[in-house]
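> Could you have a look at this structure, given as C-alpha cells, before my questions?
Please treat every number below as a calculation from the coordinates, not as lab data. Source: prediction; values computed, not measured. Backbone-built Cβ (ideal geometry, glycine too); neighbour counts: all protein chains shown.
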Amino acid sequence: MGYHRPMNTTRARLGLITLLLAASSAVSAAECTAKIIDAWVRMPPAAMPMMAGFGRIENPCANPVTIVGASSAAFGSVEMHETRVVDGISRMRAVPELRIAPGGAATFKPGGLHLMLMEPVATLKPGSKVAIEFTLKDGGKALGEFVVKKAGD
Ligand SMILES: [Cu+2]
C-alpha cells in the first residue's frame with residue numbers, strides 16, 4: 001500500500017489543480033450579471049395586496065442572460081408579468097422566463113412587462129427603497145434597487 005501512496009498523491013494533486021482551474025473559470029463567467037437601472041415600485045392609490053415594479057434590465061455580458069424568477073424580503077411573492085390587450089380587454093399573464101441577448105435590455109413599464117409584487121410585508125413609504133433580487137438560469141443573481149413612488153408621480 002505504502003509504495004503507491006506517492007503516485008496517488010501526485011495524481012490527487014493534478015486532479016485538484018484541474019478542479020481549481022475549472023472552478024476559477026466558472027466564477028469569472030458567473031461574475032457578469034444583469035444590471036437593473038431606473039427601477040421603481042408604483043404605490044397603489046389605496047392599500048392593496050399587490051403593486052407593480054418597473055425598470056430596465058440590461059445584459060452587459062457576452063452570453064445571454066435568462067431571468068427565471070425574482071424575490072424580495074419586502075414581499076411574500078414576486079412574479080414577472082406581461083400586460084396584453086386582447087379583444088379590448090387588458091389581461092396579465094405570468095412570464096416564467098425572460099431571455100435577454102448579449103448587449104440587449106428588457107424594459108418593464110406600465111402597460112407591458114412588470115413585476116407583480118404581492119403580499120407586501122409592511123406599508124411602503126414614497127421615496128424609500130426596496131431590494132428585489134432576480135434569479136438567473138445559470139444560478140447567478142442580479143440585485144435591483146427599486147425606489148417607491150406614488151401612482152401618478
Ligand atoms: Cu401583473
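> What list of ³J(HN,Hα) couplings, whole Hz, do you get for segment 97-102 from phi and the Karplus terms 6.51, -1.76, 1.60, once you set θ to phi - 60° and write x for glycine and proline?
Ordered by residue, 3J(HN,Hα) equals 9, 10, 9, 10, 5, x Hz.
> When a footprinting reagent is the concern and you count Cβ atoms within 10 Å, what order do Met48, Met80 take, fewest first?
On the way: Met48 10, Met80 22.
In order of increasing Cβ crowding within 10 Å: Met48, Met80.
> If you don't mind, there's one more thing I want to ask. Just add up the charged neighbours of Arg99: K/R +1, D/E -1, any other residue whose Cβ is under 15 Å from the Cβ of Arg99.
Numbers: positive: Lys137; negative: Glu58, Glu82, Glu97, Asp138.
Taking every Cβ under 15 Å from that of Arg99, the sum is -3.
> Across segment 59-66, in residue order, what do the Karplus-derived ³J(HN,Hα) couplings come to in whole Hz, using 6.51 cos²θ - 1.76 cosθ + 1.60 with θ = phi - 60° and x for Gly and Pro?
Using θ = phi - 60°, the values come out as 10, x, 7, 7, 10, x, 10, 10 Hz.
> Oh, and also: With a sphere of radius 13 Å drawn around the Cβ of Lys137, what net charge do the other residues whose Cβ falls strictly inside it have (Lys, Arg +1; Asp, Glu -1)? Intermediate values should be presented prior to the final figure.
On the way: positive: Arg99, Lys141; negative: Glu97, Asp138.
Here the charged neighbours net out to 0.
> Could you pull out every residue, at least 5 positions away or on a different chain, whose amide H is within less than 5 Å of the one on Ile100? Hs are placed 1.01 Å off N in the peptide plane, and Pro or chain starts have none.
So Ile100 has HN proximity to Val65, Thr66, Ile67.
> While we're here: Give the shape of segment 35-150 as rounded, prolate or oblate, defined through the alpha-carbon gyration tensor: a ≥ b ≥ c are the square roots of its eigenvalues, a/c under 1.5 means rounded, and otherwise the shape is prolate if a/b is larger than b/c and oblate if not. Working shown, then result.
On the way: a/c = 1.81, a/b = 1.27, b/c = 1.43.
Judged from the Cα gyration tensor, segment 35-150 comes out oblate (a/c at least 1.5, b/c at or above a/b).
> Name the residues whose placed amide hydrogens come within less than 5 Å of the amide hydrogen of Phe108, ignoring near sequence neighbours (fewer than 5 apart) on the same chain.
Result for Phe108 returns Gly55, Arg56, Ile57.
> Considering only segment 35-150, what is the antiparallel percent among its DSSP beta bridges, to the nearest 5?
Details: 41 of 45 bridges.
Approximately 90 percent, going by the DSSP bridge assignments.
> Now for a different question. Rank these for me by crowding, Val86, Val148, Val95, Val41, going from fewest to most other beta carbons within 10 Å.
Details: Val86 8, Val148 19, Val95 16, Val41 26.
Fewest-to-most ranking of Val86, Val148, Val95, Val41: Val86, Val95, Val148, Val41.
> Still on this structure: Using Cα positions and a limit of under 16 Å, work out the aspartates and glutamates in reach of Lys125, with same-chain residues fewer than 8 apart set aside.
Glu145, Asp153
> Which lysines have a Cα lying under 17 Å from the Cα of Lys109, excluding residues fewer than 8 positions away in the same chain?
Lys35, Lys149, Lys150
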